[in-house]
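The values are calculated or read from the model by the stated rules, or taken from the named source; none is laboratory data. Being a predicted model, the structure only gives us computed values, none of them experimental. For neighbour counting, all protein chains shown are included, and Cβ atoms are generated from backbone atoms with ideal geometry for every residue, glycine included. SASA here: full protein model, heavy atoms, side chains in, ligands and nucleic acids out. Shrake-Rupley method; radii C 1.70, N 1.55, O 1.52, S 1.80 Å.
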Amino acid sequence: MKNWLEKQFKLSAFQTDVKTELLAGLTTFVTMAYVLATVPNILGGAGLDKHIVLTAMVLLIILTSCAMALYTNRPFALAPGLGSVGIVASMISNEGISAPIAAGVIFWSGILFILISFLGLREAVVRVIPVSMKHAVSAGIGLFIALLGAKNCGLIVANADKNNLAFGDLTSPSVIVAVIGFILLLVIKVRNIPGGMILAILVTTVIGIPFGVTKLPESLFSLPANIGKQFLQVDFAGALNFAYIPFLIALFVPDFFSTFGTVLGVGAKAGYLDEDGNLPGIDKCFKVDAVATSFGALFTMPSMTTYLESSAGVEAGGKTGLTVVFTSIFFALSLFLAPIALIIPSAATGPMLIFIGMNMLSGMRNVNYSDITEYVPAFICVTFTIFANNIANGICVALPAYLIMKIAAGKIKEIEPVMYVLVVVCMLYFYTIV
């Protein structure tokens, strides 16, 4: 087995070992475990059976993440994108669109992904993105992850009265436990303690018990549901109705930009990017991501996409696909031990996401600050990722700004022809959300 793992995942070449990959896989699982509650609850509110959704989702996470591991040897885990989950839930509950048609729209968006991925267009798009913008995407994702972690534990909240973000209740048990967890993580990182990330999460979880933040489960075991009732409940033809094109675009464009942003961002964190900011073998990652979306649609599952939380595993030392193989094993166990997995509170994972996000800002040092047409679009990308609360929004604002500034500066020769197409796609995206 050891020889097979070495041959398949090239552990020594990446200067890692099975133990490190195991801890990294566990860290990724722990930071992703919230999907076990959020996705079934959101889709359950739209009328789907949340028990079936949970089982189908876990199986899809296992299959797609293992496919990513074996085909690309990258530590990228996949799960339903929360943005697409919200869109699909809205289609069914607010727009009155049937679940089979919604599944059909997801399927065709996946087919669109497959076409552009296997034709190499997705990789070509990434290659024409300027180097400064690629680093900005990574930094923007970092701030997005940090904000996500701060919001999840209640440290930062939306202030409705002032219409802005502000500190939450700093005396609340969740925030107190999160602060303790963050301090603990800082000490662990400074002391360079092995397995520090997962250790900090587990200790913080235990600390949360007397605060009432960590809720002990009533039972330890659960049984998977029969997913046969939700399999192939897809209206392929009905989803091709012209009226559903806006929903197709709303699913496709954000996932397109978010996926390449996440892959580049996590890839940069892992040290995979070359001097031009490109990720070798990124086309393989896109192919797995594309096929995963269409395959997931067969179970009425929103777009399966590469997860930001993969960065937690990378921070914990994960370097190869073996990381997410272990993540998949832990998700498989969660089919039967979901109550135990769900006891880990956001107050325990939030500090980890904040720390990871801050570290990802280091990419901004590679931006060319001597050229205003480079650094301004880069900062637009970072700021609007946060201001608009979406990775795709940040990218879709920055690309038109980049094009306008290059033309105004008389640097048209620096603009790749594909960039014009991307800007048109960005405009189309904004048209759909307006």
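Table: residues versus (1) surrounded by 21 or more Cβ atoms within 10 Å (Cβ to Cβ); (2) farther than 30 Å from ILE193 by Cβ; (3) touching a helix residue (DSSP H, G or I) at 6+ places or on another chain (Cβ under 8 Å).
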{"site": "MET32", "(1), (2), (3)": "yes, no, yes"}
{"site": "THR38", "(1), (2), (3)": "no, yes, yes"}
{"site": "GLY45", "(1), (2), (3)": "no, yes, yes"}
{"site": "LEU48", "(1), (2), (3)": "yes, yes, yes"}
{"site": "LEU54", "(1), (2), (3)": "yes, yes, yes"}
{"site": "SER65", "(1), (2), (3)": "yes, no, yes"}
{"site": "MET68", "(1), (2), (3)": "yes, no, yes"}
{"site": "PRO80", "(1), (2), (3)": "yes, yes, yes"}
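Answer yes or no: is there a residue in the range 135-149 that is open to solvent by 10 Å² or more (accessible area, probe 1.4 Å) and over 18 Å from the mean Cα position of the chain (by Cα). Within the range 135-149, none of the residues are open to solvent by 10 Å² or more (accessible area, probe 1.4 Å) and over 18 Å from the mean Cα position of the chain (by Cα). Condition test on PHE76, is it open to solvent by less than 10 Å² (accessible area, probe 1.4 Å) and not in a helix (DSSP H, G or I)? It is true that PHE76 is open to solvent by less than 10 Å² (accessible area, probe 1.4 Å) and not in a helix (DSSP H, G or I). What pairs can you find where one residue is in the range 361-374 and buried (at least 16 other Cβ atoms within 10 Å of the Cβ), the other is among the aliphatic types (A, V, I, L, M) and assigned to a loop (DSSP other than H, G, I, E, B), and their Cβ atoms are less than 8 Å apart, with a gap of 6+ or different chains? Pairs found: THR373/ALA409; GLU374/VAL367. Criterion applied to ALA200, ALA250, ALA290, ALA225 was being aliphatic (A, V, I, L, M), surrounded by fewer than 24 Cβ atoms within 10 Å (Cβ to Cβ) and in a helix (DSSP H, G or I), and the one residue passing it is ALA250. From the list LEU170, LEU70, LEU165, which one is part of a helix (DSSP H, G or I) and modelled with pLDDT of 80 or more? Answer to the check: LEU70. When you go through (1) closer than 21 Å to LEU143 by Cα; (2) without any contact (Cβ under 8 Å) to a residue 60 or more places away in the chain; (3) open to solvent by less than 50 Å² (accessible area, probe 1.4 Å); (4) not charged (D, E, K, R) one by one for GLY313, which number turns out not to apply? So GLY313 meets the others, but not (2). Of the residues making up the range 155-170, one or more are over 23 Å from ALA292 (Cβ atoms), touching a helix residue (DSSP H, G or I) at 6+ places or on another chain (Cβ under 8 Å) and either in contact (Cβ under 8 Å) with a residue 60 or more places away in the chain or open to solvent by less than 30 Å² (accessible area, probe 1.4 Å) (or both). Scanning the range 379-404 for residues that are surrounded by fewer than 17 Cβ atoms within 10 Å (Cβ to Cβ) and not in a helix (DSSP H, G or I) yields ALA388, ASN389. SER84 satisfies every condition listed in (1) open to solvent by 30 Å² or more (accessible area, probe 1.4 Å); (2) among the hydroxyl-bearing types (Ser, Thr, Tyr); (3) at pLDDT below 90 except (1). Among the conditions (1) part of a helix (DSSP H, G or I); (2) within 22 Å of the chain's Cα centre (by Cα), the only one that ILE209 does not satisfy is (2).
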